[in-house]
1. How many residues does the stretch 77-109 contain that are surrounded by fewer than 21 Cβ atoms within 10 Å (Cβ to Cβ), basic (Lys, Arg) and at pLDDT 90 or above?
2. Regarding the stretch 126-140, can at least one residue be identified that is over 12 Å from VAL255 (Cβ atoms) and within 21 Å of the chain's Cα centre (by Cα)?
3. Of all residues in the stretch 208-239 being touching a residue at least 12 places away in the same chain (Cβ under 8 Å) and open to solvent by 70 Å² or more (accessible area, probe 1.4 Å), which is nearest to SER295 (Cα to Cα)?
4. Taking MET59 as meeting all but one of (1) outside any loop (DSSP other than H, G, I, E, B); (2) surrounded by 15 or more Cβ atoms within 10 Å (Cβ to Cβ), write down the number of the exception.
5. Which of the residues spanning the stretch 260-301 are in a helix (DSSP H, G or I) and small (Gly, Ala, Ser)?
6. Give just the number: which of (1) over 21 Å from PHE90 (Cβ atoms); (2) surrounded by fewer than 16 Cβ atoms within 10 Å (Cβ to Cβ); (3) not hydrophobic (A, V, I, L, M, F, W, C) does ASP296 not satisfy?
7. What are the residues in the stretch 174-187 that are open to solvent by less than 40 Å² (accessible area, probe 1.4 Å) and among the hydrophobic types (A, V, I, L, M, F, W, C), if any?
8. If I ask for residues that are at pLDDT 80 or above and either surrounded by 20 or more Cβ atoms within 10 Å (Cβ to Cβ) or in a helix (DSSP H, G or I) (or both), which ones from the stretch 240-259 would you list?
Amino acid sequence: MEQAIIKMKGFGSGEAGHGADTRASITEMQRKALEEHFGFDQPFYMRYWTWLVDDRLGMQMASYKFPNKTTWQVIKERFKVSLIFGITGFVLSYLICVPLGILKALRHNQVFDLFSSLVVFIGYAIPAFAFGMVLKMLFCGTVEWAWDIFPVSGFYSANFADLSSWSKAKDIFMHMFLPVLCYMIGNFAILTLLMKNSLLEQISKDYIRTILAKGGSFTRAIWVHALRNALIPIATGFGSILTVMFAGSVVIEKVFEIPGMGWLSLEAIVGRDYPVFMGILSLTALLGLLGNILSDFLYVIIDPRITFREN
């Protein structure tokens, strides 16, 4: 409502210093009209019921910043970008970190394990925004002595609509390569070491010694028995695939100017567009709950000892 009052006086949304004078110059009739328009004249429980049921978790509410669009219409515009960004980073993180963790466990305390740990921890220690700025400087032609390989910002080029299907895929790949790399760098250490330590724990257990004592091969003991049990802690993160469209970092999206959900949530907070922010928050919470249920089902698939049936 404060933003609407400021706009009524013609100051614009960026000058908060006129807030007190603006509120003083608004008549009581105008204030009551605004409160009725935004529903602030109703009791809390009625407003909550309207938001939950009538507006369908706020998705049908009009955006304060874009009055001609609903919350869902605003979110939908950024949905595709964050979906591609999140799924790509999620899949690549598991495809690289899980095999790397397995290889580190099989070569524990060897040269490869020590060298890869050094690289992983260095990458983990670098802040994502700083890493992104360095990548832009080295590979986006922002300085004269560096390479100009990848685009500086955005999700696709200005002539994207005129490109062929293969050229469109290549264009998106070139725009997303550096941001996805920044997103993955933070997950490398946690996911890789979790996989390594989980597999090492399983290798040291008695059932692996029993398999080897009965003449079973080490390869079968690792890949058939130990690996399956070692994937149980890793399966905890599988359910987050339902929230990957919100997984993009706000800082990374800001550095590379990617119009995703993270940047939208920041804009909604700064611009006090509460319907959009609450819509993002409720949608993220709902998908997070569904993701936890998905993880529970994956536990059953990986470990037959886990069951939902009564004993």
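The values are calculated or read from the model by the stated rules, or taken from the named source; none is laboratory data. The shown structure was predicted, so the numbers you read here are calculated from the model rather than taken from an experiment. Positions of Cβ are backbone-derived with ideal geometry, glycine not excepted, and every protein chain shown enters the neighbour counts. The protein model used for the area step is the full one, side chains on, heavy atoms only, and it has no ligands, DNA or RNA in it. Shrake-Rupley method; radii C 1.70, N 1.55, O 1.52, S 1.80 Å.
1. Total satisfying the criteria: 1.
2. Checked the stretch 126-140: at least one residue is over 12 Å from VAL255 (Cβ atoms) and within 21 Å of the chain's Cα centre (by Cα).
3. THR236
4. (1)
5. GLY262, SER265, ALA268, GLY279, SER282, ALA285, GLY288, GLY291, SER295
6. All conditions are met except number (1).
7. Selection gives MET176, LEU178, VAL180, CYS182, MET184, ILE185.
8. Across the stretch 240-259, the qualifying residues are ILE252, GLU253, LYS254, VAL255, PHE256, ILE258.
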